[in-house]
1. Taking 7 Å along the Cα-to-C-beta vector as the label spot, tell me the Leu48-Asp104 distance in nanometres, rounded to one decimal.
2. Loop-only check: which GluC sites (Glu not before Pro) in segment 26-132 are DSSP coil with at most 14 other Cβ within 10 angstrom?
3. Please check: in the Gaussian network model of the chain (C-alpha springs, under 10 Å), which one of Arg24, Arg120, Arg55 has the largest mean-square fluctuation.
4. Can you tell me the FRET efficiency between Asp5 and Asp87 if r is taken as the Cβ-Cβ distance and R0 is 30 Å, rounded to the nearest 0.05?
5. Can you tell me the accessible area per residue over the chain, all protein chains present, probe 1.4 angstrom, in square angstrom?
6. For the chain, rounded, prolate or oblate, judged on the Cα gyration tensor with a ≥ b ≥ c (square roots of eigenvalues), a/c < 1.5 rounded, else prolate if a/b > b/c?
7. Pairs on different chains or at least eight residues apart, Cα atoms closer than 28 Å: how many lysine pairs in the chain fit?
8. Is the shape of segment 21-67 rounded, prolate or oblate, going by the alpha carbon gyration tensor and its root eigenvalues a ≥ b ≥ c, with a/c under 1.5 for rounded and a/b larger than b/c for prolate?
Amino acid sequence: MPMVDVFLKGHPRSTQTGTIAKVRGRLFPLRMNTAWSRSCAVQMKSLLGAGPFPRFSEPVWVYLIFYFPRPKKGTSAPYPRRRLDVDNLVKGLLDGWREILWQDDSQIIELTVRKAWEGREGPGVRVQIDPL
């Protein structure tokens with residue numbers, strides 16, 4: 001399976017775990033701020049074209065760079081220091097790509113995440129996935 005290298009447009013948002021729901025004796029975390037995750041799932045499926053879905057059945061390496069808009073007032077910071085934790089940026093995306101990119105995000109054996117200022121493509125996330 002070839003490597004995936006795409007840019008998904010939009011303003012990165014973290015996915016917070018909200019309250020816990022109990023359904024038939026099982027506990028499930030309810031996610032908040034999932035519009036960004038849903039948008040990225042739709043964009044990913046559109047950019048990859050027609051199936052086969054899920055795309056990968058083997059272990060994968062995932063590299064994500066989240067691009068944020070520069071503040072209106074200039075900053076000399078070399079990278080964004082916004083209070084968006086990388087783990088919260090990632091969790092909604094990886095879950096949202098189930099059955100699009102992989103059967104389950106447990107197939108990810110290596111994950112690299114960065115935050116950076118936006119470039120010519122604007123705000124969004126660069127996604128690179130390579131089967132191992």
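1. In this crude label model, Leu48 to Asp104 measures out at 1.8 nm.
2. Within segment 26-132, the qualifying GluC sites (Glu not before Pro) (loop, at most 14 other Cβ atoms within 10 Å) are Glu99, Glu121.
3. Of the options given, Arg24 has the highest mean-square fluctuation.
4. Working: r = 23 Å, r/R0 = 0.77.
My answer for the efficiency is 0.85.
5. I get 60 Å² per residue for this part.
6. oblate
7. 11
8. On the way: a/c = 1.97, a/b = 1.58, b/c = 1.25.
The shape class here is prolate.
The values are calculated or read from the model by the stated rules, or taken from the named source; none is laboratory data. Owing to the predicted nature of the structure, the values given are computational and were not obtained by experimental measurement. Cβ: placed from backbone, ideal geometry, glycine included. Neighbour counts: every protein chain shown. These accessible areas exclude ligands, DNA and RNA; they are computed on the full protein's heavy atoms, side chains included. Shrake-Rupley method; radii C 1.70, N 1.55, O 1.52, S 1.80 Å.
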